[in-house]
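The values are calculated or read from the model by the stated rules, or taken from the named source; none is laboratory data. Computed from a predicted model, the values in this text were never measured in an experiment. Using ideal geometry, Cβ is built from the backbone for each residue, glycine included, and neighbour counts are taken over all protein chains shown.
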Amino acid sequence: MTLRVPDQGVLGLVGPNGSGKSSLLRLLAGVRRGSGGAVLVDQQPIETIRRSQIARRLALVEQHATTDVGLTARDVVALGRLPHRGALGHWSGRDEEVVQGALARTGMTRSADQSWATLSGGERQRIQIARALAQEPRELLMDEPTNHLDIRHQLDLMRLLPELGTQVVVALHDLNQAMAFCEEVAVMSEGRLVAQGRPAEVLTEGLIREVFGVEAVIDVRPTGPRVSFF
């Protein structure tokens, strides 16, 4: 089965632990090679595209990203500008504008001068997301970005993603977030893609039972469908 990333909107990647979500994201980012098949970017195999070109258009936010503990939060976000500037490029007003905007969109402006080492897990996650936004990607890949965030910041992030105007693929554990915020979902099971389509059409009680091994009831509400487990 072929994964199709919509031109706009958010594609949610869901599946049990170990189903292959993180591996698939790394394949899409070109940081891992597959044993078969191909990842195409504008109909071109990703391995034939220069890494510098990929870095200017595609950003990956991993679950457990690390960075130099001696940096400030602003320094980490500024690293997202490197693909556009090069190692010796001069810092410009445009670079500063983009970094400030990324900090603001993730609610981290007040913590910009704080040391990375003193940030909480949730704050570090938001700074890594800001770093990806500072890259100004055309494609944004995110591996369970809401994991370390409180409820408010989870909702803030999920509401932000459709507004970015980029192709977004986000791995999620929460099926209700996938239902509420994703244009499409792709379901992984045992290393395979087993379904893709609109959430209400794909995330059926039968599929949830088969893939996740739990019983569920889907309630249709005025705000949209919601999954309850028992």
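PHE212 - would you say it is farther than 26 Å from ASP7 by Cα and of a type in the set (Phe, Trp, Tyr)? Considered against the rule, which asks whether it is farther than 26 Å from ASP7 by Cα and of a type in the set (Phe, Trp, Tyr), PHE212 comes out as yes. For the stretch 6-57, the tally of residues that are of a type in the set (Asp, Glu) and either free of Cβ contacts under 8 Å to residues at least 40 places away in the same chain or crowded, with 18+ Cβ neighbours inside 10 Å (or both) stands at 2.
Here the helices (runs of 4 or more DSSP H) wholly within the stretch 15-104 that include at least 3 residues being small (Gly, Ala, Ser) are 21-29. Can you tell which of LEU3, LEU60 is in contact with a strand residue (DSSP E or B) (Cβ under 6 Å, 6 or more places away or on another chain), surrounded by fewer than 18 Cβ atoms within 10 Å (Cβ to Cβ), of a type in the set (A, V, I, L, M) and closer than 18 Å to LEU172 by Cβ? Going through LEU3, LEU60 in turn, just one is in contact with a strand residue (DSSP E or B) (Cβ under 6 Å, 6 or more places away or on another chain), surrounded by fewer than 18 Cβ atoms within 10 Å (Cβ to Cβ), of a type in the set (A, V, I, L, M) and closer than 18 Å to LEU172 by Cβ: LEU3.
Here ASP113 passes the criteria (1) under 19 Å from the mean Cα position of the chain (by Cα); (2) farther than 19 Å from LEU160 by Cβ; (3) modelled with pLDDT of 90 or more except the one numbered (1). Would you confirm, using the coordinates I've provided, whether ALA180 is surrounded by 15 or more Cβ atoms within 10 Å (Cβ to Cβ), modelled with pLDDT of 95 or more and not β-branched (Val, Ile, Thr)? Criteria not met by ALA180. Here ARG152 clears all of (1) in contact with a helix residue (DSSP H, G or I) (Cβ under 8 Å, 6 or more places away or on another chain); (2) surrounded by fewer than 19 Cβ atoms within 10 Å (Cβ to Cβ) except the condition numbered (1). Screening THR67, THR72 for residues that are in contact with a strand residue (DSSP E or B) (Cβ under 8 Å, 6 or more places away or on another chain) and touching a residue at least 12 places away in the same chain (Cβ under 8 Å) leaves exactly one candidate, THR72.
Could you please find all residues in the stretch 113-143 being surrounded by fewer than 22 Cβ atoms within 10 Å (Cβ to Cβ), within 28 Å of GLY18 (Cβ to Cβ) and acidic (Asp, Glu)? GLU139, the sole residue that qualifies.
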